[in-house]
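Comments concern the structure below.
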Amino acid sequence: MKKHGIVASLLAGALFVTGSASLVTPAFAETAAKKEAAAVTAPAGIYKLDATHAALLWSFKHNDISNYTGRFQALDATLNLDPKQIDKSSIEFTIDPKSVQTSYPADYKAFHKDSAYESWNEDISRNPSFLNSDKFPNITFKSTKVEQTGALTARVTGDLTFLGVTKPVTLNATFLGGIASHPYMKVPALGFAAEGHFNRKDFGLEPGPVGEEITIRFDGEFVQQSAPAKAN
């Protein structure tokens, strides 16, 4: 994952190693330093996911030659943010596995004449060997620990419940920006990205021509639903 607070310095190091150090200008270095010194500016409160500006992608190694990638279209999330004490923040996600999208371009029925499903998306969603959404209609993630790792980064550990199995999964999150008033909703808003990995075998997914490690990547915006109650 590209971490906003350190990406500039990492890129600068990569350019230097590859013999392109002349591309690292003083202005570039100054911008990196400013980003590293920045902090989470969004106000405390309860935030809901703006699903029209969100993406949750998953990928795995396919036949040891490529990363096969898909996404979930329907997801909901609630963020409880305390910018002054990030470790007191929390987040919960709910994902609808029936909303899986793979951009399958071929004629599915022509190549799967005996399939009980009408499309590759439906196959992945409903097949007991894959997401088994008829039996398990939700995938959920609930944070149990948030650790600040930098001015704009955090490590979020939580319980992922998938296919009826609950296991801890860790996400590396990066705060991307916040505004005091959303241009349309007129409430505070913020955005962040996160990435993590887990082993599909831990959740009982059957063997196949895919790698064991599943990578999940999230980008999204949140809008404030309520501010913290004022002390008397």
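The values are calculated or read from the model by the stated rules, or taken from the named source; none is laboratory data. Note that the coordinates shown come from a computational prediction; the quantities given were computed from them, not determined experimentally. Positions of Cβ are backbone-derived with ideal geometry, glycine not excepted, and every protein chain shown enters the neighbour counts. With ligands, DNA and RNA removed, areas are computed over all heavy atoms of the protein, side chains included. Shrake-Rupley method; radii C 1.70, N 1.55, O 1.52, S 1.80 Å.
A compact table of results
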{"item": "Listed residue pairs exceeding 25 Å between alpha carbons, taken from 48/142; 48/201; 135/201", "result": "48/201"}
{"item": "FRET efficiency estimate (nearest 0.05) - Cβ-Cβ, residue 61 to residue 166, R0 30 angstrom", "result": "0.75"}
{"item": "Relative compactness, segment 132-190, computed as alpha-carbon Rg over 2.2 N^0.38 Å", "result": "1.53"}
{"item": "Length added when fully stretched, residue 182-residue 114, from 0.36 nm per residue minus Cα-Cα", "result": "19.5 nm"}
{"item": "With DNA, RNA and ligands ignored, accessible area of residue 41 (1.4 Å probe; Å², nearest 10)", "result": "100"}
{"item": "Translational D in µm²/s for segment 72-116 (Stokes-Einstein at 20 °C, 1.002 mPa s, Kirkwood Rh from C-alpha pairs)", "result": "152"}
{"item": "Per-residue ³J(HN,Hα) for segment 42-47, Karplus 6.51 cos²θ - 1.76 cosθ + 1.60, θ = phi - 60°, Hz, x for Gly and Pro", "result": "5, x, 5, x, 9, 10"}
{"item": "Alpha-carbon centroid distance for the pair segment 90-112 / segment 203-222, whole angstrom", "result": "12"}
{"item": "Cα lying deepest toward the dipole's positive end in segment 104-232, options 117, 203, 177, charges on Cβ", "result": "177"}
{"item": "Protection proxy ranking, peptides 147-158, 52-63, average beta carbon neighbours within 10 Å, highest first", "result": "147-158, 52-63"}
{"item": "Cβ charges +1 (Lys, Arg) and -1 (Asp, Glu), total dipole of segment 81-222, debye", "result": "320"}
{"item": "14 Å beta-carbon shell around residue 109, net charge (K/R +1, D/E -1)", "result": "-4"}
